[in-house]
Structures are given as structure tokens and as C-alpha cells.
Amino acid sequence: MELSNASFLLLPCQLALSYSGETASLESEFEPEPDPNSFTSHLPQHLYLHCRVDFGSWALQGTAALTLRAERDGLRCLVLDTKDRQIYKVTLNGQEAKFALEQRHSFKGTPLEITLPFELRRGQDGIVEISFETSQKSSVLQWLTPEQTSGKKHPFLFSQCKVIHCRAILPCQDTPSVKFTYYAEVSVPIELVALMSANHDGEMPDPEDCYKKIYRFSQKVPISSDLIALVVGALESRSI
């Protein structure tokens with residue numbers, strides 16, 4: 001088959017392939033379409049999560065530090081996805097930032113609008129740290145009482161972030177089209193074990209609570225927010 005003066009547009013990566021006589025040229029430009037299920041378009045590079053698991057109040061309490069890169073000059077406002085949570089404080093590179101939770105959407109949750117204390121230049125990285133607490137109404141966290149487990153002695157927690165429910169754990173750009181690395185420190189009761197969708201990076205006593213232990217996790221492969229997973233319970237491992 002002979003192609004002449006034909007043009008094709010391939011989506012979603014916007015690969016334009018054009019032919020003119022015997023000469024072919026390939027031009028590639030990747031501009032992901034905005035996700036209609038997300039409030040934000042700011043691309044995170046890395047997440048550092050530090051949280052405590054509280055079985056008494058059925059909540060996660062802690063901080064999420066997102067490393068973001070400005071895609072234009074004069075960036076002063078960020079919007080992140082959240083759902084059913086409390087936000088206590090927001091900082092950019094250690095400086096306190098103003099924030100507001102806007103009107104709740106039926107399924108997307110509540111946008112978190114952050115006014116930065118200073119402008120970010122194009123290509124400049126900034127670390128936005130958010131202090132938060134999840135709600136008992138969280139759509140992503142499943143809390144089991146000891147009576148609901150096989151051992152009947154300890155409670156159990158697991159998460160299910162698919163497909164846009166990570167925003168119910170931590171503020172983020174909650175869309176499968178965006179990927180980032182993460183590091184996490186999770187404090188749990190000393191008799192329980194925590195696991196995440198990441199490599200185990202050690203454990204240590206919680207310096208703030210002698211009845212708790214901190215598990216550390218490192219995920220160096222960029223993943224989307226819906227692949228973040230957490231489980232806490234009386235778990236045992238075997239070498240196979």
C-alpha cells in the first residue's frame with residue numbers, strides 16, 4: 001500500500017505521524033488530558049508519608065509531604081484532592097501556607113486550595129507538607145474489630161485506594177495518569193505488623209510512644225496514587 005500526503009493523529013499521547021511522498025516525519029508531544037475525576041493538575045515527584053494508626057478512633061493521623069515541580073513561572077496556588085478528612089496545617093519548604101477546603105463534590109470529594117507563601121519559578125521544586133487526620137467515614141480504610149478476625153485477639157486494618165480513593169487517606173493528585181515515588185513511616189501498636197505496597201526498609205521503636213513501633217517503607221518505582229496500599233494486623237511471614 002502506498003501512502004502519500006496522509007496524516008494520522010494517535011491519541012492519547014498525541015503522536016502525529018505525517019507522510020509526504022517518500023519522506024516520513026514523527027513528532028511526539030505528551031500533554032495528558034485533565035482527569036475529570038481530579039481537581040488538580042500539579043504533578044507530584046515524591047511523597048513522604050508519616051502517620052500513626054489509631055485503632056481507638058479508627059483514624060490515621062500524620063503528615064504527607066509532597067515534592068512538586070512548578071511547570072510555569074509565578075506559581076502561587078495549588079489545588080489537591082481530598083475526601084472526608086481534617087486538615088490542620090500546610091507548609092511550603094517549612095513556611096506556613098494559607099489553605100481552605102472548598103465546596104464538596106458528590107464523588108470527587110473536597111478540593112484543598114493552598115495559597116503558597118512565595119512564588120515558585122518554572123522548574124523549581126517545593127515540598128508541600130500537610131498535617132491531616134482521616135475520618136471514620138473514610139471510603140478507603142476498612143477497620144475490623146478483633147471479633148471480626150480469625151484470631152479474635154487483635155484488630156485489623158486494610159486500605160483499598162482503587163480507583164480514586166487515595167484522597168481519603170492523604171491529600172494528593174489522585175489520578176492513575178500521574179506516578180510518583182514514596183517513602184513512608186507508619187506507627188502501629190507494638191504487637192501488630194504493618195505492610196505497604198513498597199519495600200520494607202526497617203523498623204524501630206516509636207520515640208513518642210513506648211507501646212508503638214514504626215515500620216519504614218521505600219517505593220523507588222514511580223506508581224500512581226491508587227496503588228498505595230496499607231495493611232496492619234497480627235501478621236506473620238514465612239520464607240519461601
Nearest-5 percent of antiparallel DSSP beta bridges in the chain?
90 percent
In whole angstrom, note down how far apart the Cα centers of region 89-133 and region 196-240 are.
26 Å
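How far, in nm, would the chain grow between HIS200 and ASN93 when pulled straight, counting 0.36 nm per residue and subtracting the alpha carbon separation?
Residue separation times 0.36 nm, minus the Cα-Cα distance, leaves 35.8 nm.
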Roughly how big is the chain's charge dipole about its Cα centre, with Cβ charges of +1 (Lys, Arg) and -1 (Asp, Glu), in debye to the nearest 20?
680 debye
VAL221 paired with GLU113, simple spin-label distance in nm, labels 7 Å along Cα-to-beta-carbon
3.9 nm
The long-range amide H neighbours of ASP35, using H built 1.01 Å from N in the peptide plane and a cut-off of under 5 Å, are none
Three principal axis extents, largest first, for the C-alpha atoms of region 77-149, in Å?
53, 26, 21
I need the phi-derived Karplus couplings for region 227-240: 6.51 cos²θ - 1.76 cosθ + 1.60, θ = phi - 60°, integer Hz, Gly and Pro marked x.
9, 6, 9, 9, 9, 9, x, 7, 9, 10, 10, 9, 7, 10
Enumerate the amide H contacts of PHE99 below 5 Å, restricted to partners 5 or more residues apart or on another chain; note that Pro and chain-start residues carry no placed amide H.
THR115
Whose amide H sits under 5 Å from the amide H of LEU43, counting only residues 5 or more places off or on another chain, with H placed in the peptide plane?
ARG69
Reported label for calculated mean projected area of the Cα convex hull in nm² given (1) 14.3; (2) 15.7; (3) 19.0
(3)
Counted charge near GLU102, where neighbours are those whose Cβ lies closer than 15 Å (Asp, Glu -1; Lys, Arg +1)
+3
For the chain, with the dipole built from +1 on Lys and Arg beta-carbon atoms and -1 on Asp and Glu ones, taken about the Cα centre, which of GLY56, GLY126, LEU157 lies farthest toward the positive end?
GLY56
May I ask you to compute the full-extension gain from SER131 to ASN37, defined as 0.36 nm times their residue separation minus their alpha-carbon distance, rounded to one decimal in nm?
31.5 nm
Given the convex hull over the Cα atoms of region 56-195, what projected area results after averaging over all orientations, in nm²?
9.6 nm²
Beyond 18 Å, the calculated P(r) of region 113-181 holds a percent of Cα-Cα pairs equal to 58 percent
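For the chain, which longest stretch is free of loop sites, where a loop site is one of the chymotrypsin sites (Phe, Trp or Tyr not before Pro) that DSSP puts outside H, G, I, E and B and that has at most 12 other Cβ atoms within 10 Å?
Excluding the exposed sites themselves, the longest stretch runs over 108-210.
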Between beta-carbons, use under 15 Å as the cut-off and find the net charge around HIS50, counting Lys and Arg +1, Asp and Glu -1.
-4
Estimated FRET transfer efficiency when R0 is 45 angstrom, pair THR67-THR145 (beta carbons, to 0.05)
0.75
A correct Karplus calculation of ³J(HN,Hα) over region 44-57, with 6.51 cos²θ - 1.76 cosθ + 1.60, θ = phi - 60°, whole Hz and x for Gly and Pro, returns x, 9, 7, 10, 10, 10, 10, 8, 10, 9, 10, 6, x, 9
Sparse-neighbourhood loop sites, GluC sites (Glu not before Pro) in region 107-203 - DSSP loop, at most 13 other Cβ within 10 angstrom:
GLU191
Per residue, how large is the accessible surface of the chain? Use a 1.4 angstrom probe and give square angstrom.
56 Å²
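The values are calculated or read from the model by the stated rules, or taken from the named source; none is laboratory data. Model, not experiment: these values are computed from the prediction. Glycine gets a Cβ as well: all are built from the backbone with ideal geometry, and neighbour counts include every protein chain shown. The accessibility values were calculated without ligands, DNA or RNA, using every heavy atom of the protein model including side chains. Shrake-Rupley method; radii C 1.70, N 1.55, O 1.52, S 1.80 Å.
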